[in-house]
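Enquirer: Take this structure, written in structure tokens, and hold onto it; I'll ask about it next.
None of the figures in this text is laboratory data; all of them are computed from the coordinates on show. Worth saying up front: this structure is predicted, and the values here are computed from it rather than measured. Note: ideal-geometry Cβ built from the backbone for every residue, glycine included; neighbour counts use all protein chains shown.
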Amino acid sequence: MNIHSTMMSRSLIAAAVTAALLAGCASAPTKPAGSEEVRAKLTALQGDAALATKAPVATKDAELAVTQAEIIQPDLALAAHRVYIADRKVDTAIAEAKTKAAEDQRAMLSEQGEKARLDARTHEADLAKSDAMTARAESAEQQVAATQARSDAAAAQLAANVSEQQASELQRQLEALQARPTDRGLVLTLGDTLFATGKSEIKSGATANLDRLGDFLTEYPNRTASIEGFTDSMGSEDSNQALSERRADSVKRYLIGRGVQSQRLSSSGRGENAPVADNETTAGRQQNRRVEVVISKAEGSQGAGR
Amino acid sequence: MNSPSPSARVSRRRLRIAVPALLLFTAAWANPPIPTASLQAAQQSIANAEHVEAGTHAAAELSEARAKISAAQSAVTQKKMIEAGWLADEARAEAELAVARTSLAKANAVNADMEHSNATLIDEMQRKTGDSR
């Protein structure tokens, strides 16, 4: 009876153990919830070439914690605790690796900053040099401008002097021609010594005044001359008119022969109709026989100069 | 009087060893010790995190660490010493993460400042170059 009961007990135990084993085989144990995600995060860190070696101690701690978290554990609270710890260790390792990477990058940034500062200083020095050169160039330009201004002033002074000289020369020549200013312009009177009685040809040896007039008109090309012939009242009016015209024309031709452009000269006869003295006396008739040259400025010309 | 047999002497000697051990084991099982070391380590880590200004750069982690240490102390009060130990360890891990993330934030800020400074310098130089050309 005792032996039989012992055998029965052993059979029951064996059956229970077998059942337990079978039950164990039926549902394979799984890793604690969350452990795979933590492992994946750690694997990513270890596979990151930029970070893998940056925080070796923290990464090793994380590895140990993840390994612990992966242990199949019937106590779910303990398993969850280990996963929690592993997760924080992995995050800590990642943060430390990134910090180290940032610190390593700082050396490069510092080098960049030094280079930028050096470039800036070099650039400023170049600018200063360039500014100095520009200032020197400007100073030289100003000196040239000042010299030019002085030169211009001297030239203006010279021109003024020349102009004064010319004006005074003109005045002198006009005085030499014995021209008188009138409302019609400067009037030069050539007396009857130019022509023989009743003739219109200019007598040789009596042309001194005409020559001076020709020179004057050549010297002052902005001047024009109106040549007018006059006679006394001896003879017929028609013949006197014709004679006065011919005499005026003779003077005009003479001046053209002296180089004065014809378009600057005009001639006309006034006959006996504009006496300046009494035709009843010899002296008066002599004054009335004359040629007047009215000198005026050409249109659009200014001043007395050429 | 009869002297005890040798087998009886052996039995008594075994009993003298076994009883205290059993008592000790029972006492330990019935009342686990306070996880003093874990609690102290966690508090030290939190103090470190506060010292490096984790409240500014890793506020969530520091807050979580404080909540964990608080929960650990509550567990001690409730005589849940194993749970208290786990919570203290979690508080420490959280506080260490706060320190690490604070260091990272500071390092990134320094780098960003340097990058900005370099960029400003380069911009300024290029602007001057543009002005002068």
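Enquirer: Starting from the exponent 0.38 and prefactor 2.2 Å, build the expected Rg for the range A:194-306 from its residue count and divide its actual Cα Rg by it.
Expert: For the range A:194-306, the normalised Cα radius of gyration comes out at 1.11.
Enquirer: Among A:85, A:227, A:202, determine the one that fluctuates most according to a GNM of chain A built with springs between C-alpha atoms less than 10 Å apart.
Expert: Among A:85, A:227, A:202, the largest mean-square fluctuation in the Gaussian network model of chain A belongs to A:85.
Enquirer: Give me the distance between the Cα centres of the range A:158-192 and the range A:54-123, rounded to whole Å.
Expert: Here the answer is 109 Å between Cα centres.
Enquirer: List residues of the range A:232-256, by number, whose backbone nitrogen lies under 19 Å from a label position 7 Å along Cα→C-beta of residue A:197.
Expert: Once the point is set 7 Å along Cα→Cβ of residue A:197, A:232-244, A:247 turn out to lie under 19 Å by backbone N, inside the range A:232-256.
Enquirer: Determine by what factor the alpha-carbon radius of gyration of the range A:90-146 differs from 2.2 N^0.38 Å, reporting the quotient.
Expert: Rounded to two decimals, the normalised Rg is 2.37.
Enquirer: What GluC sites (Glu not before Pro) does the range A:145-205 have in DSSP loop regions with at most 14 other beta carbons within 10 Å?
Expert: Here the GluC sites (Glu not before Pro) that fit, given the DSSP loop and packing criteria, are A:201.
Enquirer: Same structure again: Under Stokes-Einstein, with the Kirkwood radius over Cα pairs standing in for Rh, what whole-number D in µm²/s applies to chain A at 37 °C and 0.692 mPa s?
Expert: Working: Rh = 32.0 Å.
Diffusion coefficient, whole number: 103 µm²/s.
Enquirer: Here is a follow-up. With every atom except the alpha carbons ignored, what do you get for Rg and Dmax of the range B:24-105, in angstroms?
Expert: Considering the range B:24-105 through its Cα atoms, Rg and Dmax are 14.2, 51 Å.
Enquirer: Which stretch or stretches of the range A:203-237 have amide N atoms under 20 Å from the point lying 7 Å from residue A:173's Cα along the Cα→Cβ direction?
Expert: A:207-228
Enquirer: Kirkwood Rh, the range B:68-126, all Cα pairs: how many Å?
Expert: Answer for the range B:68-126: a Kirkwood hydrodynamic radius of 14.3 Å.
Enquirer: Another question about this same structure. Based on the alpha-carbon gyration tensor of the range A:34-127, what equivalent-ellipsoid semi-axes (square roots of 5 times the eigenvalues) come out, in whole Å, largest first? Don't skip to the end; give the middle numbers.
Expert: Numbers: eigenvalues 409, 18, 14 Å².
Semi-axes (√(5λ), whole Å): 45, 9, 8.
Enquirer: Right, next: Under the definition of Cα pairs under 8 Å and six or more residues apart, what whole-number percent is the relative contact order of the range A:166-297?
Expert: Details: 237 pairs, mean separation 43.8, N = 132.
Computed value for the range A:166-297: 33 percent relative contact order.
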